[in-house]
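Trainee: One structure, pasted below without further comment.
The values are calculated or read from the model by the stated rules, or taken from the named source; none is laboratory data. As the structure is a computational prediction, the values presented were derived from the model and not from experiment. Cβ: placed from backbone, ideal geometry, glycine included. Neighbour counts: every protein chain shown.
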Ligand code: C2E
Ligand code: MG
Ligand code: MG
């Protein structure tokens, strides 16, 4: 029987030698045993019969001699040789008699006859069984009143004839014994074959048809007429065992599949994980290298995903990730495969890229696709993504490199823009490496005392009076020197270290304020606050604790928050700002005009001040657009009853223009650059210069 695909392969059973088969072995054993026993019994029987035959022979001869006794006695008594001769001839009629004589008492023969031994090829056997010749004698008496001894009748017998008969009987005995042994063995063979070997073979044939992959699918068949005997029970037990094996196997397969899924797929989105994606990418690279094709690797990062979690909670955040993954999977713009790299980062491979234009078109379509609002648990959620793209073979030849380039490109792109796609370029790669190094250095900067605050005066330009200071963070890097906050603050924001750094800044500013106050200078301090900080649940409590620690009047602080900070979770931002307002800390919108500048937002936010971004002040006199924007911001502030302060005032003309437009507060190099606290003390004691000095 040919084993089916996946079936058991008992080749040894099919190639089994005939003499190894059970029925044949049994027959051999029965045959050998019955032959041995038969032989032994036959030998005993033959030995017994041989002795019986000898006894019979003696008896027969004695009987024959007895019949001759009276005639022989008469012959010797009457010394009648003729009669003696007749008696002896009579004896010769017995074929076994070879010599016969009638002798006088002195031993001399009165008459004697003889003939040769019978010739036969079997004599050699018969002579072994009996002696070749047996001698008998019979004393001859005359029945007178006193019996008198007259001589002897002597006879020699050739045993061949008796032995031949005996041999024939012995042969028949042997043959009968052998035949019965053979018949018994054959009958046993047939019985064993019918009752055991044949049904066992059927069971084995049936077993061979079982597919090991699905052992419980097919039952082993019970041989006919064996339903209730041991074979039937064996088959039933086997079937139960096979079913148990299958169920166990199924469970193990399921567990294995689960382990594989866990190790290769992302549980939340069902997408392949980084490890599996890397092997897909390797496969794609191998194929592309053979067919001389190009590939594009996209790293897609959701913009500001943390604010989705902060705003809606983690379960909605998870649902957004799932929906986002579905969009990536379903996106039909081009042949691709996708995975979830980590958190809010996904990756895709675009196969057979014919031109970078097609890659760009794919990225654009992808951005459009994911920016369609998601409806999750009755909430409409809009998100954007930023894509970093690396190309094979230009940007890397192996999966690790390509993925790294795409990720770096995406990370860097995210820090400068949103909802965009960027191609990898070598210079950006260097930049991202530097950024990573800075990130590591920044982690230790606080303990190593490399960070400190400088303060930039804020001035009432009309009265030429110092009204406060803005605390600005500085980092004196041990090898790179001063690193601008525009560079390292976004890094701190991206890895959330801004939260701890932020508390440190507030504490340092408060400490400074206390020192000044102790020195007789009461100077309100504006502190820049990042979005991540205001979304901390305990932000207000911790700020309150710092204020208490340094015994600062909350009105002496001001928090500057950029417009974009409110984009994450407006409600949470509003509630934090309300709490700050309640404890008496005013808030200003920093860099106003550079973000979305939405009036509806502004209306909702409990803020007290707008800071016109320095980019509008820079070209105030030259660019009519900037002039109009600055004017509009000032008007807006007035109508919303907000204070307005202009930052980046560098010239007297700018100052005068602002005063003219009724923006009385300003900050900029024209008055002072950001300076260390001790310099500020001096500046406060002297006079703020509001006139352009001509050197
Ligand atoms: P910002 O809060 O808008 O700070 C004003 C920036 O404009 C400061 O740059 C200041 O040095 C600069 N500036 C002031 N006057 C002039 C001027 O007349 N002309 C020009 N060209 N620039 C002027 P800086 O100190 O480099 O800070 C850059 C930004 O870094 C800040 O913008 C703020 O967003 C962030 N930053 C600085 N310190 C901190 C901090 O302690 N915490 C947080 N979260 N962000 C900070
Ligand atoms: Mg500021
Ligand atoms: Mg600013």
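Trainee: Would you check if residue 589 is within 25 Å of residue 635 (Cβ to Cβ) and either more than 15 Å from ligand 2 (Cβ to nearest atom) or outside the structural domain of residue 472 (by TED's automatic domain parsing) (or both)?
Mentor: Judged against the criteria, residue 589 is not a match.
Trainee: Same structure, new question: Going through 288, 284, 319 one at a time, which residue ends up being touching a strand residue (DSSP E or B) at 6+ places or on another chain (Cβ under 9 Å), in the same structural domain as residue 398 (by TED's automatic domain parsing), modelled with pLDDT of 90 or more and on the phi < 0 side of the Ramachandran plot?
Mentor: That would be 319, the only listed residue that is touching a strand residue (DSSP E or B) at 6+ places or on another chain (Cβ under 9 Å), in the same structural domain as residue 398 (by TED's automatic domain parsing), modelled with pLDDT of 90 or more and on the phi < 0 side of the Ramachandran plot.
Trainee: Condition check: within 16 Å of ligand 2 (Cβ to nearest atom) and surrounded by fewer than 19 Cβ atoms within 10 Å (Cβ to Cβ). Does residue 615 satisfy that?
Mentor: Considered against the rule, which asks whether it is within 16 Å of ligand 2 (Cβ to nearest atom) and surrounded by fewer than 19 Cβ atoms within 10 Å (Cβ to Cβ), residue 615 comes out as yes.
Trainee: Could you look through the range 86-112, keep only residues that are loosely packed, with under 14 Cβ neighbours inside 10 Å and closer than 13 Å to residue 137 by Cα, and pick out the one that is modelled with the highest pLDDT?
Mentor: Filtering the range 86-112 for residues that are loosely packed, with under 14 Cβ neighbours inside 10 Å and closer than 13 Å to residue 137 by Cα, the one modelled with the highest pLDDT comes out as 105.
Trainee: I need a count of the residues in the range 588-607 that are buried (at least 16 other Cβ atoms within 10 Å of the Cβ) and either over 19 Å from residue 645 (Cα atoms) or away from ligand 1 (no atom under 13 Å from the Cβ) (or both).
Mentor: Qualifying residue count for the region: 6.
Trainee: What pairs come up if the first residue lies in the range 349-365 and is crowded, with 16+ Cβ neighbours inside 10 Å, the second is assigned to a loop (DSSP other than H, G, I, E, B), and their beta carbons are under 7 Å apart, counting only those six or more places apart or on different chains?
Mentor: What qualifies is 350/334; 353/294; 359/353; 362/333; 362/334.
Trainee: Within the range 224-241, is even one residue in contact with a strand residue (DSSP E or B) (Cβ under 8 Å, 6 or more places away or on another chain) and either assigned by TED's automatic domain parsing to the domain that holds residue 347 or modelled with pLDDT under 90 (or both)?
Mentor: No, every residue in the range 224-241 fails to be in contact with a strand residue (DSSP E or B) (Cβ under 8 Å, 6 or more places away or on another chain) and either assigned by TED's automatic domain parsing to the domain that holds residue 347 or modelled with pLDDT under 90 (or both).
Trainee: Let me ask something additional. Taking the condition in contact with a helix residue (DSSP H, G or I) (Cβ under 9 Å, 6 or more places away or on another chain) and either surrounded by fewer than 13 Cβ atoms within 10 Å (Cβ to Cβ) or part of a loop (DSSP other than H, G, I, E, B) (or both), does residue 247 pass?
Mentor: no
Trainee: Within the range 649-695, track down each residue that is within 15 Å of ligand 3 (Cβ to nearest atom) and out of contact with any strand residue (DSSP E or B) (no Cβ under 8 Å at 6 or more places or on another chain).
Mentor: 650, 669
Trainee: Mind checking which residues of the range 577-587 are away from ligand 1 (no atom under 15 Å from the Cβ), outside any loop (DSSP other than H, G, I, E, B) and either closer than 21 Å to residue 645 by Cβ or in contact with a helix residue (DSSP H, G or I) (Cβ under 8 Å, 6 or more places away or on another chain) (or both)?
Mentor: 577, 579, 580, 581, 583
Trainee: Right, next: Can you name the condition, by its number, that residue 435 falls short on among (1) in the same structural domain as residue 678 (by TED's automatic domain parsing); (2) crowded, with 16+ Cβ neighbours inside 10 Å; (3) assigned to a helix (DSSP H, G or I)?
Mentor: (1)
A quick yes/no check of all residues on (1) over 47 Å from the mean Cα position of the chain (by Cα); (2) within 30 Å of residue 413 (Cα to Cα); (3) within 16 Å of ligand 2 (Cβ to nearest atom); (4) in the same structural domain as residue 655 (by TED's automatic domain parsing):
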position: 461; (1), (2), (3), (4): yes, no, no, yes
position: 485; (1), (2), (3), (4): yes, yes, yes, yes
position: 494; (1), (2), (3), (4): no, yes, no, yes
position: 497; (1), (2), (3), (4): no, yes, no, yes
position: 502; (1), (2), (3), (4): no, yes, yes, yes
position: 509; (1), (2), (3), (4): yes, no, yes, yes
position: 518; (1), (2), (3), (4): yes, no, no, yes
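Trainee: Answer with yes or no whether residue 646 is touching a strand residue (DSSP E or B) at 6+ places or on another chain (Cβ under 8 Å), within 14 Å of ligand 3 (Cβ to nearest atom) and either part of a loop (DSSP other than H, G, I, E, B) or farther than 18 Å from residue 559 by Cβ (or both).
Mentor: Spelling it out, residue 646 is indeed touching a strand residue (DSSP E or B) at 6+ places or on another chain (Cβ under 8 Å), within 14 Å of ligand 3 (Cβ to nearest atom) and either part of a loop (DSSP other than H, G, I, E, B) or farther than 18 Å from residue 559 by Cβ (or both).
Trainee: Just to be sure I understand, how many residues within the range 283-314 are in a helix (DSSP H, G or I), within 25 Å of residue 576 (Cβ to Cβ) and without any contact (Cβ under 8 Å) to a residue 40 or more places away in the chain?
Mentor: 2
Each row is one residue, and each column tells you yes or no for (1) farther than 29 Å from residue 56 by Cβ; (2) outside any helix (DSSP H, G or I).
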residue	(1), (2)
135	no, yes
139	no, yes
146	yes, yes
155	no, yes
171	no, no
176	no, no
187	yes, no
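Trainee: Evaluate the following for residue 57: is it at pLDDT below 80, within 30 Å of residue 175 (Cβ to Cβ) and either within 60 Å of the chain's Cα centre (by Cα) or in the same structural domain as residue 139 (by TED's automatic domain parsing) (or both)?
Mentor: Taking the combined requirement at face value, the residue does not satisfy it.
Trainee: Also: Filter the range 553-577 down to residues that are more than 22 Å from residue 509 (Cβ to Cβ) and more than 15 Å from ligand 2 (Cβ to nearest atom), then give me how many there are.
Mentor: Selection size over the range 553-577: 9.
Trainee: Something else: Consider only pairs whose beta carbons are under 8 Å apart and that are at least six residues apart or on different chains; among these, list those whose first residue lies in the range 645-672 and is over 21 Å from residue 455 (Cβ atoms) and whose second residue is within 10 Å of ligand 1 (Cβ to nearest atom) and assigned to a loop (DSSP other than H, G, I, E, B).
Mentor: 651/670; 652/670; 654/668; 654/670; 658/649
Trainee: So which pairs qualify, if the first residue must be in the range 76-88 and assigned by TED's automatic domain parsing to the domain that holds residue 66, the second must be part of a helix (DSSP H, G or I), the Cβ gap must be under 6 Å, and the two must be at least 6 apart or on different chains?
Mentor: 83/75; 84/75; 87/68; 87/71; 87/72; 87/75
Trainee: Taking the residues in the range 550-560 that are touching a helix residue (DSSP H, G or I) at 6+ places or on another chain (Cβ under 9 Å) and free of Cβ contacts under 8 Å to residues at least 40 places away in the same chain as candidates, determine which candidate is nearest to residue 573 (Cα to Cα).
Mentor: The extreme case among them is 559.
Trainee: If I filter the range 371-382 for residues that are outside any strand (DSSP E or B), crowded, with 16+ Cβ neighbours inside 10 Å and at negative phi, do I get at least one hit?
Mentor: No, the range 371-382 has no match at all.
Trainee: Which residue pairs have Cβ atoms under 9 Å apart, sit 6 or more places apart or on different chains, and have a first residue in the range 612-630 that is within 22 Å of residue 642 (Cα to Cα) and a second that is in a helix (DSSP H, G or I) and more than 16 Å from ligand 1 (Cβ to nearest atom)?
Mentor: 612/629; 612/634; 612/637; 616/625; 616/627; 616/629; 620/627
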